[in-house]
1. Positive end of the dipole of region A:170-338, charges at C-beta (+1 Lys, Arg; -1 Asp, Glu), about the Cα centre: which of A:Trp241, A:Ala279, A:Ile189 has its Cα farthest in that direction?
2. Pull out a ≥ b ≥ c, the square roots of the eigenvalues of the alpha-carbon gyration tensor of the protein assembly as shown, then state rounded if a/c is under 1.5, prolate if not and a/b is larger than b/c, and oblate in the remaining case.
3. Of all beta bridges DSSP finds with both residues in the protein assembly as shown, what is the antiparallel percent, to the nearest 5?
4. Report the charge-dipole magnitude of the protein assembly as shown in Debye, nearest 20, computed about the Cα centre from +1 at each Lys and Arg Cβ and -1 at each Asp and Glu Cβ.
5. Take every DSSP beta bridge whose two residues both sit in chain C, then give the antiparallel share in percent to the nearest 5.
6. Label position 7 Å from Cα toward Cβ: report the copy-to-copy distances for A:Gly45 in nm, one decimal, ordered from shortest.
7. So how strong a dipole does region C:170-338 carry about its Cα centre when Lys and Arg Cβ are +1 and Asp and Glu Cβ are -1, to the nearest 20 debye?
8. So if R0 is 60 Å, what FRET efficiency would B:Asp144 and C:Asn331 give, r being the distance between their Cβ atoms, rounded to the nearest 0.05?
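The values are calculated or read from the model by the stated rules, or taken from the named source; none is laboratory data. Just so you know, these numbers come straight off a predicted model, no measurement behind them. All Cβ positions, even for glycine, are placed from backbone atoms using ideal geometry, and neighbour counts span all protein chains on display. What goes into the accessible areas is simple: the full protein's heavy atoms, side chains included, and nothing from ligands, DNA or RNA. Shrake-Rupley method; radii C 1.70, N 1.55, O 1.52, S 1.80 Å.
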Amino acid sequence: MADQSFFTRLGPFSLADIAASCGAELQSGNSAHMVHDVGALDQAGADQISFLDNIKYRDAFRASKAGACFVAPQMVEFAPAGMALLVSKNPYKAYALCAQKFYPEAYPAARISPHAHVDPSATIGAGCVIDDGAVVQAGATIGDGSWIESNAVIGRNVTVGQKCRIGAGATVTHCVIGNAVRLYPGVRIGQDGFGFAIDPAGHVKVPQLGRVVIEDRVEIGANTCIDRGAGPDTVIGAGTWIDNLVQIGHNVKIGRGCVIVSQVGVSGSTVLEDYVVLAGQVGVAGHLRIGRGARIAAQSGLMRDVPAGEEQMGSPALPIKQYMRQIAMLNRLIKKQK
Amino acid sequence: MADQSFFTRLGPFSLADIAASCGAELQSGNSAHMVHDVGALDQAGADQISFLDNIKYRDAFRASKAGACFVAPQMVEFAPAGMALLVSKNPYKAYALCAQKFYPEAYPAARISPHAHVDPSATIGAGCVIDDGAVVQAGATIGDGSWIESNAVIGRNVTVGQKCRIGAGATVTHCVIGNAVRLYPGVRIGQDGFGFAIDPAGHVKVPQLGRVVIEDRVEIGANTCIDRGAGPDTVIGAGTWIDNLVQIGHNVKIGRGCVIVSQVGVSGSTVLEDYVVLAGQVGVAGHLRIGRGARIAAQSGLMRDVPAGEEQMGSPALPIKQYMRQIAMLNRLIKKQK
Amino acid sequence: MADQSFFTRLGPFSLADIAASCGAELQSGNSAHMVHDVGALDQAGADQISFLDNIKYRDAFRASKAGACFVAPQMVEFAPAGMALLVSKNPYKAYALCAQKFYPEAYPAARISPHAHVDPSATIGAGCVIDDGAVVQAGATIGDGSWIESNAVIGRNVTVGQKCRIGAGATVTHCVIGNAVRLYPGVRIGQDGFGFAIDPAGHVKVPQLGRVVIEDRVEIGANTCIDRGAGPDTVIGAGTWIDNLVQIGHNVKIGRGCVIVSQVGVSGSTVLEDYVVLAGQVGVAGHLRIGRGARIAAQSGLMRDVPAGEEQMGSPALPIKQYMRQIAMLNRLIKKQK
């Protein structure tokens, strides 16, 4: 299914093997049946495995020709006849593990390109890939097995951990990066925060004296910008995923396992506790605290602290029930006035 | 008028020649009059040609010293005495063709820089320009007459069609590009979509197994990001124009001739049919269908499908009449409560 | 305090010296006391100096162990015993000057890297730094003491003034840059504006024949995009600060000393007079005039001209008092309907 110019597939694997390694229970189907690939519900055939995660695709599930499918217990009843079912409470996670089994992430063979520019004082670990045009400046350290893609720039004294991947054209300064961190192409890390004293005679720059600290297993999307701290560090907690074109201001502290969707902006000195979810285009004012597990809907604007676990929506944001009530009321008022 | 350090002008051309080649009718003025340049209404002189397209500039039109002007039939009455008028129902299009006549796009002479990094297994067509620091990786194909600007990176097995221009510092992977496509500087194409199963023990990555397919005559603005599909491809239809800093999520299908203004975000698996217009900073949720020719006002947030041809505005978006009614009602209520 | 891998500190300096050079009055404390560093209120010790600027941090001020602190006259009464106080009406500006005294911006020693690509027809001033992989194209001029970072691309015939710094991976074409201008990494300057005549048979490109003019002492944040004019120039006035991921459309004129926060979009041909402040994610429609000193709150959408000095908020934006009244009214209505 996947274009063989870009992806290399392993397998086939038996349904029994897949069920065991992906945390699903094989509820119907022959455990020895060999699966050759993953595929979308509307495209997969008899030797492929698919998944159903979004209720919107229930009809596609019913009509699917996929030989096997990861599915939640409550959706089993909608399965087409003859489809092998691998039941899991989290069918999307099971599918993710299965797709990783067929298409494991592969780094190129270790190699420092003669067209890369590595300062003699930099330290390059074992098994690294440094592509054409990449720059590693004085005193930088690249951990074992990391991959610096073409035309990326690793600044002076920056530390990159093990098994990291720094995307093409990304730039990193004033930063300490953990292990298994992935920066996508065009990411900007560690430049000066937007700090100056406003003055009609000419704004006065405040030297930005902190760093960016990126903990393990963080992913940071293409063209996202993370400014270094003004004094304290800017911190991105372990396992947090950040999408493309996001702005993270100086001194921001982001907890573990957060999810920050595209085009979000988080202003300076704000704290996101663990597992916060900010949907696309959310804006967060500075110096706020967003509580653990809070979930903020797309395009919302946060101007106050958010309690742990709360869902908010709107600009300015309200607790979601209050917001929904507001929308419903506006609709009623409009209808009255017709 | 245009700075000769940056632009090379052809001409002069007669009014007759310009009218014929730009699809306008010369309604007043000497058809043999020679025009030497294009220019803005408030700056053009007797040997230059301008255009009136926006009613806001009617007074500038009345006061203009331009020797000639493209103008819509209904604006002819406001013309200053002595100005040659080239009448067209679409004066902006006529002006565009005229400006192209004076300032045709010019590529540099064909040349592969010795400071570019082209893999021996890549295929470079006839008449290409590959600038300093550009990287073309293994198996990539660059079509005849295409221009890869400095420090751009064309990934493994990527196909670029004929007469394309890939801007400085842009990066492209997992992608098939048609003919006459233009990517502006810093564009990011083909990186992994934002796909993972949320899990408190660590989000689980879903391998992104699709590509990005960019059809002919697409323009993609600076620092815009287009993620590759998760399984299906992400597709940008022929003749679509995308502005700067736009985010296009995985699996999105964009039709032909769409216009997507700066800082828009389109979430994963959404479909835009042909000729959709999204104004600046619009956000579109995932898994939606936006009908043919729909027009969405700036900063709107789409959370539902939009019927073909509909204009919507607001966050969450409403049909434009309903939105206007809501705004008017809010204003009345505020005045009452003063 | 600051990580010595990334920052080099001067000093120590006496309180008397600091007060004199930073425009503050030493109200309590020994003028001969030596200060060794700057630091945040909650981290600074006896030989460090801090500042109090935001009322939110008054308790941190009361509990601070900092030996000295910049503070506004009205906050003096909250100072802890024994802290030396440097009183200023603008304590943040005083702190900025002090931090610059300890950590002056330092450029590397002048050097044109043998791995940079400088066209023989380019002019490089005295004392410049041109880093690995940077490209300076034909006819470009780089002023004395300027620094072009790795993999930045300076286009044909572009002029960069003195003491500028062009960030890693930035690209600049069709542009005239003044002195002491700083472009952060990934900035895109001078590409074509989003100009075309809409046509179902294929949108028709309007050649973009203007430039970008950037006056002295401008700062432009990471991955920000500024398109060149369509005919007139796009202009960024002296001393204006622009944050990351901002979009500035063609023909926009920005005055002196403006402040434009992250993810703002300003559409084509709009004028910002001097000292305008646009907070994060604001959108401004095209062809507007935003008056001198106007201040626009985060996420606002401007669809009309704004009078000088006015504060506005909301999308569509209203004068701030009217906006606040609208929000209050909505909240009352919701409560009624519970």
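1. Result: A:Ala279, furthest along the dipole toward the positive end.
2. Cα axes put the protein assembly as shown in the rounded bin.
3. 10 percent
4. Roughly 3700 debye for the protein assembly as shown.
5. In chain C, DSSP labels about 10 percent of beta bridges as antiparallel.
6. The answer, with the shortest distance listed first, is 7.1, 7.1 nm.
7. Magnitude of the dipole: close to 860 debye.
8. About 0.40, to the nearest 0.05.
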